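The values are calculated or read from the model by the stated rules, or taken from the named source; none is laboratory data. Remember, predicted model here, so these are calculated numbers, not experimental data. Note: ideal-geometry Cβ built from the backbone for every residue, glycine included; neighbour counts use all protein chains shown.
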Amino acid sequence: MTDVLESLQLNTTLARKMIVDFIRVELARFGFTRGVIGLSGGVDSSLTAFLAVEALGAANVLGILLPYRTSSPASRADGERAARQLGIATRVVEITPMVDPYLAHALAGLASPDAQDAARRRGNVMARARMIVLYDQSEEFGALVIGTSNKTEALLGYTTQFGDNAAAIQPIADLYKCQVRQLARAVGVPPAIIEKAPSADLWQGQTDEGELGFTYDEADAILYRLVDERQRAEDLVAQGFDARVVRRVGELMARNHFKRVPPIVAKLSARTLGVDFMYDRDWNT
């Protein structure tokens, strides 16, 4: 695994410039100069905020903190720490009053709801409630929502469709988790944020790796070989990778492919959106 992770070493200077230029240019294509970012206190959203400030300026980036009643106070503190370091404005919007009434109604008809199913549903509702707030705040701020998803999460489907994977642009979605950490160190994200256990903060003590059943380093090493090098799963097992983890990663990639593509349109006409009507978004400029 070590040799694979070495292959994922970034030229952080070049990656930084490319992403900063991407943010500035892509927002300008849509006629925007401002961005809104949901600050979770994790490394992904912190890195995105650092790059967005470099691209747009601190006055043009708004950080939104979206705690739920079970959220860790440390997550909010880390989000605020990153915002203070960057000098960006922040707003705090508590999502509990949005989430709990709906869940109380949705789960009321179930005699004994399965705890795991209820937790999954709660997590999805939380993610979508947060995106409602981000899009509403972006309207007021005159901005676009800047996404914070990374490549590892996207490939595994460890994301909520139309929740935390919703955005106008995705600056870091071609960076594996280990590369996110590399670039975060290079741009000055606080070490405590980079080094803490990744968590979606869905319940007390929840961690991404604990829920997935393998580490991000394991996932990155396997995904790099399956996706970037186009190797087969059996090749990875022959090379010494844990067969259980390889199989699980492959299952997650296949099952969650629908989250990585726009909704598929049934083709009935001569020019169908997303099929053969695919002009560049700037085709009329």
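Below are the figures for this structure:
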read-out	value
Residue within the stretch 101-115 that is of a type in the set (A, V, I, L, M, F, W, C) and in contact with a Phe, Trp or Tyr (Cβ under 9 Å, 6 or more places away or on another chain) present	no
Wholly enclosed helices (runs of 4 or more DSSP H) of the stretch 180-268 bearing at least 3 residues surrounded by 20 or more Cβ atoms within 10 Å (Cβ to Cβ)	216-223
Meets criteria (within 30 Å of Leu66 (Cβ to Cβ), outside any loop (DSSP other than H, G, I, E, B), touching a helix residue (DSSP H, G or I) at 6+ places or on another chain (Cβ under 9 Å) and not aromatic (Phe, Trp, Tyr)) for Leu175	no
Filtered residues of the stretch 152-178 (kept if touching a Leu at 6+ places or on another chain (Cβ under 6 Å) and surrounded by fewer than 22 Cβ atoms within 10 Å (Cβ to Cβ))	Gly157, Ala168, Cys178
Meets criteria (at pLDDT below 95 and in contact with a Leu (Cβ under 8 Å, 6 or more places away or on another chain)) for Leu202	no
Every residue from the stretch 139-159 that is small (Gly, Ala, Ser), assigned to a loop (DSSP other than H, G, I, E, B) and closer than 18 Å to Pro262 by Cβ	Gly147, Ser149, Gly157
Test result for Ser75, in contact (Cβ under 8 Å) with a residue 60 or more places away in the chain and closer than 28 Å to Glu218 by Cα	yes
